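Asks: Dropping a structure here in structure tokens format, bear with me for questions.
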Amino acid sequence: MLDGSVRLAPVTEPDAPRPVSPEELGFDRIVYEKTPPRATITLNRPEVLNAFDFRMLRELARACEDASWDDGIKVVVVTGTGRAFCVGADLKAWGADLLDKPREYWKWFGAFKDMHDRLREIGKPTVARVNGIAVGGGNELQMACDLAVMVDDAFIRHVGPEHGSVPAGGATQWLPLFVGDRRAREILLLCDEIPAKQAEEWGLVNRAVPAAELDAVVDYYVERLAVKLPQTIRYTKQQLNWWRDISWHETVGHARDWLALSMLGDEAKEAIRGFLAKGKD
């Protein structure tokens, strides 16, 4: 029993769904900016090509939550710092923290799932500004957005079957909806690079443009989206998300458990350790 004279530190949870200034959130792995009617969330780990670690996932979820509460924000843009948009999970952190630890992986995947849910359910249109390569979970992140504009000298790729991870954090669920079953299988089973222009032709992104035009096209989408009626566009998103949500919610819980257990297997361990060994060469 606690001594009544002991004062505990205040809980950091908000008292009500009220937005705050980005500076108050103290983010370290992302940059969160609000210039109404736009909020911009920038993945900011360029030294590892904006790979997800646990804290980044938590910060992304909290930024999406704040943007969803801010009535002055009409559109949310998601982008990356440096030469990559995002290359998915930080396999170095996985190798150190998650191999042989299925309970820890299960917790990590919970943060990944929460980030996706908060982004998809943000209630406002979202635009992926794909400033560079999008690999694995990076492609799943851009697919979770409503629209995507990509620089034309980048590519999309999935490498999970080469690194011991089934791409079931959005790719197995949504790629067939985006590009059709055969192309989805080609992307996920062959693990080949999909150049930006091909991604545009297949409907995986809306536009593939030269880097010099990237911001102008993103600005155009933001301007067109920001003038729409917010309640109506929110419900339009809800309806459009029906197929995505069905495929996601019917599979992601099973994927979380299966992938957690796979951290005990030789296949995942050998693949991830082999990948990390190459990085040291």
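Asks: What figure in square angstrom, to the nearest 10, would you give for the accessible area of Lys228 with a 1.4 Å probe?
Replies: 80 Å²
Asks: Checking the table Lys101/Lys269; Lys74/Lys113; Lys74/Lys237; Lys92/Lys269; Lys197/Lys237; Lys92/Lys278 against a 21 Å threshold on Cα-Cα, which pairs fail?
Replies: On the way: Lys101/Lys269 11 Å; Lys74/Lys113 24 Å; Lys74/Lys237 13 Å; Lys92/Lys269 12 Å; Lys197/Lys237 26 Å; Lys92/Lys278 12 Å.
Cα-Cα > 21 Å for Lys74/Lys113; Lys197/Lys237; rest within.
Asks: Here's something else I'd like to know. Report the local net charge at Leu25: Lys and Arg +1, Asp and Glu -1, summed over other residues whose C-beta lies under 9 Å from its C-beta.
Replies: Details: positive: Arg62; negative: Glu23, Glu24, Glu59, Asp66.
Spelling it out: positives minus negatives among the neighbours equals -3.
Asks: Determine the relative contact order of the chain: mean sequence separation of Cα pairs under 8 Å and six or more apart, normalised by residue count, in whole percent.
Replies: Working: 469 pairs, mean separation 52.0, N = 281.
Reported relative contact order: 18 percent.
Asks: Within the set of other residues whose C-beta is less than 12 Å from the C-beta of Ala96, count the net charge using Lys and Arg as +1 and Asp and Glu as -1. Write down the numbers at each step before the final one.
Replies: Numbers: positive: Lys92, Lys101, Arg273; negative: Asp53, Asp90, Asp97, Asp100, Glu104.
Neighbour charge sum, excluding Ala96 itself: -2.
Asks: Can you give the accessible area of Glu201, probe radius 1.4 Å, in Å² rounded to 10?
Replies: Its heavy atoms expose roughly 140 Å² to the probe.
Asks: Let me ask something else. If you count only protein heavy atoms and use a 1.4 Å probe, how large is the accessible surface of Arg55, to the nearest 10 Å²?
Replies: Result for Arg55: roughly 110 Å² accessible.
Asks: For Glu24 and Glu162, compute 0.36 nm times the residue count separating them, minus their Cα-Cα distance, and round to one decimal in nm.
Replies: 45.6 nm
Asks: Between Gly110, Asn44, Val135, whose Cα lies farthest towards the positive end of the dipole of the chain when Lys and Arg beta carbons carry +1 and Asp and Glu beta carbons carry -1, centred on the Cα centre?
Replies: Gly110
Asks: Could you tell me whether region 110-244 comes out rounded, prolate or oblate from its Cα gyration tensor? Rule is a ≥ b ≥ c as square roots of the eigenvalues, rounded for a/c under 1.5, then prolate if a/b exceeds b/c, otherwise oblate. Write out the running numbers ahead of the final one.
Replies: On the way: a/c = 1.93, a/b = 1.25, b/c = 1.54.
Since a/c reaches 1.5 but b/c is at least a/b, the shape of region 110-244 is classed as oblate.
Asks: On to the next question. Kindly state, to the nearest 0.05, the FRET efficiency for Asn241 paired with Glu213, given R0 = 41 Å and r defined as their beta-carbon distance.
Replies: On the way: r = 29 Å, r/R0 = 0.70.
Efficiency at R0 = 41 Å is approximately 0.90.
Asks: What order do Trp94, Trp243, Trp258 take when sorted by accessible area (1.4 Å probe), most exposed first? Provide the component values of the computation, followed by the final result.
Replies: Numbers: Trp94 10, Trp243 160, Trp258 130 Å².
Most to least solvent-accessible, the answer reads Trp243, Trp258, Trp94.
Asks: Keeping all protein chains in place and using 1.4 angstrom, which order do Thr232, Thr81, Thr40 fall into by accessible surface area, from largest down?
Replies: On the way: Thr232 80, Thr81 45, Thr40 25 Å².
The residues order as Thr232, Thr81, Thr40, largest area first.
Asks: Could you rank Asp117, Asp97, Asp15 by how accessible they are, 1.4 Å probe, largest area first? It would help to have the intermediate numbers written out before the result.
Replies: On the way: Asp117 20, Asp97 85, Asp15 165 Å².
From most accessible down to least: Asp15, Asp97, Asp117.
Asks: Could you tell me the relative contact order of region 83-197? Use alpha-carbon pairs under 8 Å, at least six residues apart, and round to a whole percent. The partial results should precede the final answer.
Replies: On the way: 158 pairs, mean separation 30.2, N = 115.
Value for region 83-197: 26 percent.
Asks: Pull out a ≥ b ≥ c, the square roots of the eigenvalues of the alpha-carbon gyration tensor of region 152-227, then state rounded if a/c is under 1.5, prolate if not and a/b is larger than b/c, and oblate in the remaining case.
Replies: Details: a/c = 2.38, a/b = 1.88, b/c = 1.27.
Here region 152-227 falls in the prolate category.
Asks: Out of (1) 23.0, 96; (2) 19.2, 66; (3) 17.9, 54, which label holds the value of Rg and Dmax of the Cα atoms in Å that was computed here?
Replies: Given (1) 23.0, 96; (2) 19.2, 66; (3) 17.9, 54, the calculated one carries the label (2).
The values are calculated or read from the model by the stated rules, or taken from the named source; none is laboratory data. As the structure is a computational prediction, the values presented were derived from the model and not from experiment. For neighbour counting, all protein chains shown are included, and Cβ atoms are generated from backbone atoms with ideal geometry for every residue, glycine included. The area values use the complete protein model at the heavy-atom level, side chains included, leaving out ligands, DNA and RNA. Shrake-Rupley method; radii C 1.70, N 1.55, O 1.52, S 1.80 Å.
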